[in-house]
Every structure is written in structure tokens, then in C-alpha cells.
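Undergrad: Got a structure for you, written out below as C-alpha cells; questions coming shortly.
Values in this text are rule-based calculations from the coordinates and carry no lab data. Predicted model, so just to flag it, every value in this text is computed and none were measured. As a convention, Cβ positions derive from the backbone with ideal geometry for all residues, glycine included, and neighbour counts pool all protein chains shown.
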Amino acid sequence: MSTALGQHDRRGLKSQASFLKMAPMEITGRLLTRNSLLNFIGQGGPLLVSIATIPFVIAALGVERFGLLATAWVLLEYFIVFDLGLGRAAAKYLAEALGKGDKDEMFRLAWTTLTVQLGLGLLGAVVFAGITPHLTQRTLNIAPALSGEAKAAFFLLSLCVPLVLVSSTLTGLLASAQRFDLINAVGATCNIANSLLMVVGVVYLNWHLTEIIAVLVALRFLTVVTTYWLCTRIFPGFKGWPRFHGAELRILLTFGGWVTVSGVIVPLLLYVDRFMIGATLTMAAVAYYSVPYDIVTRLWVIPLSLITTLFPALSMLAGQGDRERIALLLAQSVKWVLLTLGPIVVIIVALANDILRVWLGSDFARESTVVFQILAIAILVNSIVQVPYVLVQAVGRPDLTAKCHLLQLPLHGCLVWWLVSQWGITGAALAQAIRIAFEALLFVMAACRLTSLPFHCFVSDRIVQSLLLFVLLIGLGIGIGSLGLTTWARLLALGLICLIVAAIVWCYSLGRRDRDQLIKLVWSASMK
């Protein structure tokens, strides 16, 4: 694998100019592995930096200001839905056009998407700025001393909306050429720089929210400029003034319309609990809930590393009607998500109190431990269900995923309101876990119906053994965490269990081919 990566890197940017003249691309298992690894490294590195810097940021800003900062991130993610699903649609059709070797269609799709995204982004920025006074003065329970600072920070944050939308299209163009090395190099640099500049600013320069958001906007702008330059190097024909093609827009909107529905609903499903907590409890409670939530959702880096590359592969196989390879790819994907993310979740469940106490202090350990445990288990289920979710969209039925999300919204909203009123932030975590379990059932049923694949395709390839094993492990982790043992005793017990489980996974959960691939991967990495 390292040899293949080395050969790919030596081709450099110049050789990509001839990329469009090559035969249609075939997505192989090696290519999927390479891209997934690049995505994991590119997202995992910034994640570690963010985890290391958050305690310093909270200590310098205070819990109230950090709660506002967390709310700002949520608002930005929600306003990204102004792309009308064009980012996802462009990723699908750009990959298909490149697979056919049709560079003219690629450029028409790219420029049309880019032009529309810029316009929609500017509209989103205006709307964001327009509702900022209402958010800061009426909707959110913000302390009067922070109201002016929050308003200025939210106004600045609105500038990020067009930058994020334009960047998504440019990134999709690079992804169609399988240049995930460049995508992750740019993205990781931006995210690491943002974390480091933020901690330096708040600790040494007495920055507040306004300065933090201003730096974020500047970094996003540099990311757009750099990504556009890379696109012009890899695709020499992708230059000049923006061009618009109505025929391509109709194709994109047909697919993207339903993606937009999901894009509007999903942020509500993910973050309505924070707004409910902020409206009924306090901004400090938002921080106690959002910090463990943000930690566990960062674990999405593992399934997303795979899903980003799985989407074009499944699209191609669905177009070819290759049900056998789809079934094999589904089973392997579910198993590897479970085996890579499962051990991390077990560790979080067993050591949640210790992690929060050492990392953020006794207050967070007291308030957030149970929330941390519940959300970690929920994220494991949600990560597995990303596989059938992406399959439903890959076969061209984003309407079904949107309808599933629409069905969940009123049910989840009522459940969050009731459970938060009963059990506070712990109730919010329970509501999220129940919603995710229901969503998993819906997406698996939809995927099986669309592809005419039986349910056992998702639980074949030794998945049942692995799933039962991790259910047992999570139960043991909860027991270890609640026995009142010392930290060292919990670490020793957990380490012993992990060694036993590793042996079981190696012998029974992994097949001969899986073990051979792992050995080759470790060997190639050590010889690199």
C-alpha cells in the first residue's frame, strides 16, 4: 500500500493534467483503502489537536462564552443547507462524468454548481446576519454582559456561509480525481491552524468571540483560494470566468432537492436538544452537554473516512446492477466500522468519568459523565447506519432518506422536550439515542427494499459475532465505570479485557483475508 501511495505522490500535480485523457476510472478495493486512510489521517490529526486545546479555550473564555461559541458552530452548520443539496449532487455527477471520461460535462457541472453555490451562499449570509439580533436578544438565554459580543461574532460568522459552500464544490472536483491527499492537506492545515490560533489568542492575547470568529473567516477564505488553485493545476481547462448551464442545473436540482430536505432536517435532529437546553435551562448546561456531544461526534471521522470514498463506489456498482459486489462491500464496511469504532466506545463508556475529570475538571465529570456514556453508544449505532444511508443515496433515492428524516422530526422534538424537562441534559442524550436507533431501522429497511438485498447482507461476514461481542464489552464497561474502583484499577481491568477481546476478534471476527490484509498493511507501514 505504501508503494502505491509513493508512486501516486511522485506523479505530482503536473501529471494530473493528463488525467482527463485516461480511460474511465475503476474504483478498486485498494483505492478505497487508500482514500479512507487519507481521510482518516486528514480528519484525525485536527481532531487530536482540537481535543488538546479545548480545555485551555474553556478555561480562558469561561463556560458561558464557550457555550456561545458552540452555539455559533451549530448555526454555521445549519446555514450550510443553503447549498440546496448541490454539493452532494455535484459529487455524484462529477464522479460519474469522470468515470465516463467526459471532461466537458465535468466542467459544465463544476462551473454551474460553483456559480449557484456562490449566489446561495451570499443569500445565506444575508439571512444569517438578518436573524442575528433576534437570536442574541430573544431566542437564546444570553447574559446581558455578553449580548453585544455575541451579536458581533454572529455577524462575522455569516461571512463563512458563501466560503463554505464554494469550498464544497471545489473539494468535490478534487475528489472526483481521487486527490484526497490534496483535500486533506488543505483541510487539515486549516483546521489545525484554527485550533492553535484560537488557543494562543484566548490564552495570551485575551481574545474574545469576535476575534476567534474573524480568524475562522480568514482561514476559510485562504482555503477557498488554495483549493481553487489546486483545481486549476489538476484540471487545466478549469479556468476563466464562471459559466452557467441550465441543463446541468436541472439535473443537479433533481437530485439535490431531496438532499436539501435532509440538509434542513438533519441539523434540527442533531442540535434541537442544545437549543432546547439553552431555552429551558442555562448556557452553562449547554456547555456541559455540548462538550461530551462534540467529543463523541468527532468519532464520526472513522465512518466518514470510509463513507466519503464508499459513495462513488456504490454509485458505480448500482449503475452496473452488480448486487453481489454491493452486498460484499456493505458487509465489509459495516464490519470494519464496528471493529474500528467499537473499542473506542468501550473505553469511553468505562472511563468516562476519569476522562472528563482529567481533561476538563470535576464539574464536567459530575455533570456530563452519563451524557458522555449514552452518546458514545448512540454514535456507534449511528456510524454503522451510515452504510445503508449512503447506499440509499447512491442508488439515486435521496427522497427516501429525506422522508425518513421528516418522519423523525416531530417525534424527536416531542421526545426531547419531554425528556429534557424530566432529566435535564441526561434526558437530551437519551432522546438522541432513541432517535438514532429508530433511524437505523428505517435506513436498513429502505436499503434492503431498494436493492432487493436480504437483511442478512448487513450482518454477514462475521458481523453478528462482532456485534454481540461489543454489546458484552459495553456492558462490562458500564460495570467497570460504576464499581467505584480507583482509576488505575479500572485501567488495569479494561486493559485485560481488551487483550482478551483482541484475541477473540483476531481469531473469530476476522477472516483469513482480513488478517492477511492487516498484516500486509502493518508490514508496509513499518517498511515505509
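Undergrad: What span do the alpha-carbon atoms of the stretch 94-144 cover on each of the three principal axes, reported in whole Å from largest to smallest?
TA: The Cα atoms of the stretch 94-144 stretch 58, 17, 10 Å along the principal axes, largest first.
Undergrad: I would also like to ask the following. How many lysine pairs in the stretch 25-244, separated by 8 or more positions in sequence or lying on different chains, have Cα atoms less than 30 Å apart?
TA: Numbers: Lys92/Lys100; Lys92/Lys103; Lys92/Lys239; Lys100/Lys239; Lys103/Lys239.
The result is 5.
Undergrad: List, in order, the whole-Hz ³J(HN,Hα) value for each residue of the stretch 60-72 obtained from phi through the Karplus relation with A = 6.51, B = -1.76, C = 1.60 and θ = phi - 60°; use x for Gly and Pro.
TA: Rounded to whole hertz, the list is 7, 7, x, 5, 5, 5, 5, x, 5, 5, 4, 5, 4.
Undergrad: At what distance in nm do the modelled label points of Ala437 and Val126 sit from each other, each positioned 7 Å from its Cα along Cα→Cβ?
TA: So the label points at Ala437 and Val126 sit 4.7 nm apart.
Undergrad: What's the extension gain from Gln422 to Trp73 if we count 0.36 nm per residue and subtract their Cα-Cα distance? Intermediate results must be reported in sequence, preceding the final value.
TA: Values: separation 349, 0.36 × 349 = 125.64 nm, distance 2.71 nm.
Residue separation times 0.36 nm, minus the Cα-Cα distance, leaves 122.9 nm.
Undergrad: Counting only residues 5 or more places away or on other chains, whose amide H sits under 5 Å from the amide H of Trp207 once H atoms are built in the peptide plane?
TA: Amide H to amide H, under 5 Å and 5 or more residues apart or across chains, Trp207 pairs with Val202.
Undergrad: Using the number of other C-beta atoms within 10 angstrom as an exposure proxy, rank Val395, Val358 with the fewest first.
TA: Values: Val395 19, Val358 12.
Going from sparsest to densest Cβ surroundings: Val358, Val395.
Undergrad: Fewest Cβ neighbours within 10 Å first, please rank His245, His134, His405, His412 accordingly.
TA: In increasing order of surrounding Cβ atoms, one gets His134, His245, His405, His412.
Undergrad: I've got another one for you. About its Cα centre, what dipole magnitude does the stretch 289-357 give when the only charges are +1 on Lys and Arg Cβ and -1 on Asp and Glu Cβ, stated in debye to the nearest 20? Walk me through the numbers before you get to the answer.
TA: Numbers: 5 positive and 4 negative charges, 7 e Å.
That gives a dipole near 40 debye.
Undergrad: Where the centre of each part is set by its Cα atoms, how far does the stretch 350-411 sit from the stretch 138-185, in angstrom?
TA: Here the answer is 22 Å between Cα centres.
Undergrad: When N is the residue count of the stretch 25-244, what does its C-alpha Rg come to as a fraction of 2.2 N^0.38 Å? Numbers along the way, then the final one.
TA: On the way: Rg = 19.0 Å, N = 220, 2.2 N^0.38 = 17.1 Å.
Here the answer is 1.11, to two decimals.
Undergrad: Separate question: Give me the net charge for the shell around Ile58: Cβ to Cβ below 11 angstrom, other residues only, Lys and Arg +1, Asp and Glu -1.
TA: Details: positive: Arg65; negative: Glu64, Asp363.
Its environment carries a net charge of -1.
Undergrad: With +1 on the Cβ of every Lys and Arg and -1 on the Cβ of every Asp and Glu, and nothing else charged, how large is the dipole of the stretch 25-244 about its Cα centre, in debye rounded to the nearest 20? Mind showing how you got there, number by number?
TA: Working: 15 positive and 11 negative charges, 67 e Å.
It comes to approximately 320 debye.
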